[in-house]
Amino acid sequence: MASTENKDRKAVVGLVPVVKDYAWGIRGMDSRVARYALESKSVDEVDPDTPYAELWIGTHPKGPSKLKTGEDLRETIGDDLPFLFKVLSAGKALSIQAHPDKELASRLHGDNPQAYGDDNHKPEMAIALTPFEAMCGFRRIEEIAFLIKKHPEFAACLSQEAKLAVFLAQDPDSQRDALQKLFSSFMHCDPEISSENLSLLLLRLQVEQSKFHRHPHEEPAWERKCARAVLRLAQQFPNDAGAMAPFFMNYLLIAPGESFFMAANEPHAYVAGEIIECMACSDNVVRAGLTPKFKDVDNLVEMLTYSMGGPTIDAGSYDAESGTNVIRYTPPVPEFEVMMLQVNPGETLKYKNPGVPAILIILEGSGELDGKLARPGRSYYWPTDSPELEFVVAKDRRGPMRVALAHKNCHLDKPTAVNRTEFGGSSSRRMSVPASPLPYMGLSNTTPSFEREEAIKDEALASAKMPKL
């Protein structure tokens, strides 16, 4: 009798996610979040003036999803999902931020529960749906030193001690110390000084990057991109010194289908584009710039790891059981992983239940799921004891149906994304982070000789305008 009931009932249950509108979202129907929210009945209509930013699918108390039948998802499962699944539509930059580890999250929640609403950590993974821009991690110390010399307005926002530390840093410990001094100095700069120098910087960069400049392409491409990123951020956040963040953070462009993993205590700021984001079930964010929201500069300065280099860009890995129809994105944390399914016209894909509660959302194309019409934006809960899923796309459809599926990490021993200990490393063969600009600067990663060290020290003292000892 029980087996007959299990066979007869449907495998998935429709969900109603929660939509969030923030100032950085994309307005109206241009936002994927808005279109998905309308399709999933999260909203009755789309306001053309509202910046639709995030679609939450999960059990987090700030945005709990419900079943189409009206029941609360958490009550149906009997517990919280270990992850939170999101769709993000970013029209302008999010704040310069990092997410705390579990120990810090517990302390922050205890000290300030209004700003930090839970005690969980928030490692997260982003998968690009469109070309996606982001600032992630600190630049290499040589790049920052070069930019300090090139942009005196940026240098004026740093203390003498911080500049000297950057110029003299050689080994990993001194480099981390230099990055912390630089970041702390910049974030604690007198607002009048940073505002004045930002204005001067923008005037100069506007001339240098304009078509009227005599030699607009003499500088290397990475320098032009850095300068233009500053101009763009300053336009979005007037008088916010955080617009100079590209001078010390890596500025990346992620192609659709590529992803990156952000561990706890790593700085980042998403700039523009649309992504799927999966994270541990938390909403803890420690912010310091490019935002009108609460800024917690002291805690951000203290918590960061000060690793150099950006995250490894991960293109995922084909799932061994499902072949080329499924790409697996697995981070080095136990709470979540994401599968991207593609069903081409005329194909049928059967997908085995992973044995843990799962959430899925239709991203593109239409077809049949569980014998019913599946359209972009519709999301579903897949119970642990349900049968396998069958995806069908008719032969006459003009494109594939793409589906994102999230659940607890079942491949923790086979991560596709790097661990934080490899942050900035070269462990991935799918690396798409731009090459280091060191060759443009006449520098290398080799250890300087004694004579070169003395020359660097003299140059650093002169640049920092400090007396030679």
Starting from the range 109-125, take each residue that is within 14 Å of residue 281 (Cβ to Cβ) and list its partners that are of a type in the set (A, V, I, L, M) and assigned to a loop (DSSP other than H, G, I, E, B), counting only C-beta distances under 6 angstrom and pairs at least six apart or across chains. 121/264; 123/263; 123/264; 123/333
Can you pull out the residues in the range 33-67 that are closer than 21 Å to residue 280 by Cβ and part of a strand (DSSP E or B)? 53, 54, 55, 56, 57
Contact list please: Cβ distance under 6 Å, first residue in the range 133-157 and of a type in the set (A, V, I, L, M), second residue outside any helix (DSSP H, G or I), pairs at least six apart or on different chains. 134/252; 134/270; 134/271; 135/249; 135/251; 135/269; 141/169; 144/248
What's the total number of residues in the range 1-22 that are open to solvent by 60 Å² or more (accessible area, probe 1.4 Å) and at pLDDT 95 or above? 1
Can you tell me which condition residue 326 does not meet? The list is (1) farther than 30 Å from residue 180 by Cβ; (2) of a type in the set (A, V, I, L, M); (3) modelled with pLDDT under 95, and all the others hold. (3)
When the residues of the range 385-399 are filtered to those that are open to solvent by less than 30 Å² (accessible area, probe 1.4 Å) and either part of a loop (DSSP other than H, G, I, E, B) or hydroxyl-bearing (Ser, Thr, Tyr) (or both), which remaining residue is nearest to residue 78 (Cα to Cα)? 386
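Got a sec? Which of 252, 300, 304 is under 25 Å from residue 175 (Cβ atoms) and modelled with pLDDT under 95?
Criteria check complete, one pass: 252.
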Answer with yes or no whether residue 158 is within 20 Å of residue 208 (Cβ to Cβ) and either touching a helix residue (DSSP H, G or I) at 6+ places or on another chain (Cβ under 8 Å) or among the small types (Gly, Ala, Ser) (or both). no
Find the residue count for the range 269-302, including only residues that are hydrophobic (A, V, I, L, M, F, W, C), under 18 Å from residue 121 (Cα atoms) and surrounded by fewer than 21 Cβ atoms within 10 Å (Cβ to Cβ). 3
Mind checking which residues of the range 329-354 are open to solvent by 20 Å² or more (accessible area, probe 1.4 Å), part of a strand (DSSP E or B) and not hydroxyl-bearing (Ser, Thr, Tyr)? 340, 342, 350
Cβ-Cβ below 7 Å, separation at least six or inter-chain, first residue in the range 330-357 and acidic (Asp, Glu), second open to solvent by 40 Å² or more (accessible area, probe 1.4 Å): which pairs? 335/82; 335/408; 337/410; 337/411
Restricting the range 314-328 to residues that are open to solvent by 30 Å² or more (accessible area, probe 1.4 Å) and among the hydrophobic types (A, V, I, L, M, F, W, C), which is nearest to residue 264 (Cα to Cα)? 315
Any chance the range 177-185 includes a residue that's within 30 Å of residue 276 (Cβ to Cβ), open to solvent by less than 30 Å² (accessible area, probe 1.4 Å) and either touching a helix residue (DSSP H, G or I) at 6+ places or on another chain (Cβ under 7 Å) or in contact (Cβ under 8 Å) with a residue 60 or more places away in the chain (or both)? yes
Identify the residue in the range 135-157 that is in a loop (DSSP other than H, G, I, E, B) and within 27 Å of the chain's Cα centre (by Cα) and, among all such residues, is nearest to residue 244 (Cα to Cα). 157
Answer residue from the range 181-200, given it is of a type outside the set (D, E, K, R) and not in a helix (DSSP H, G or I) and is farthest from residue 158 (Cα to Cα) among those: 188
Taking the stated definitions as given, is residue 250 exposed (fewer than 15 other Cβ atoms within 10 Å of the Cβ), of a type outside the set (A, V, I, L, M, F, W, C) and in contact (Cβ under 8 Å) with a residue 40 or more places away in the chain? no
Counting only residues in the range 129-163 that are open to solvent by 40 Å² or more (accessible area, probe 1.4 Å) and among the hydrophobic types (A, V, I, L, M, F, W, C), the one farthest from residue 222 (Cα to Cα) is identified as 156
So, in the range 368-384, how many residues would count as being open to solvent by 30 Å² or more (accessible area, probe 1.4 Å) and either basic (Lys, Arg) or not in a loop (DSSP other than H, G, I, E, B) (or both)? 5
Of all residues in the range 85-134 being under 13 Å from the mean Cα position of the chain (by Cα) and among the hydroxyl-bearing types (Ser, Thr, Tyr), the one that is modelled with the highest pLDDT: 89
Quick test of your reading of the structure: residue 266 fulfils all but one of (1) of a type in the set (Asp, Glu); (2) touching a helix residue (DSSP H, G or I) at 6+ places or on another chain (Cβ under 9 Å); (3) open to solvent by 10 Å² or more (accessible area, probe 1.4 Å). Name the failing condition by number. (3)
For the range 90-124, how many residues are surrounded by fewer than 21 Cβ atoms within 10 Å (Cβ to Cβ) and closer than 30 Å to residue 34 by Cβ? 6
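The values are calculated or read from the model by the stated rules, or taken from the named source; none is laboratory data. Source: prediction; values computed, not measured. With ideal geometry, Cβ positions are generated from the backbone for all residues, glycine too; neighbour counts draw on all protein chains shown. Ligands, DNA and RNA are excluded from the accessible area calculation, which covers all protein heavy atoms including side chains. Shrake-Rupley method; radii C 1.70, N 1.55, O 1.52, S 1.80 Å.
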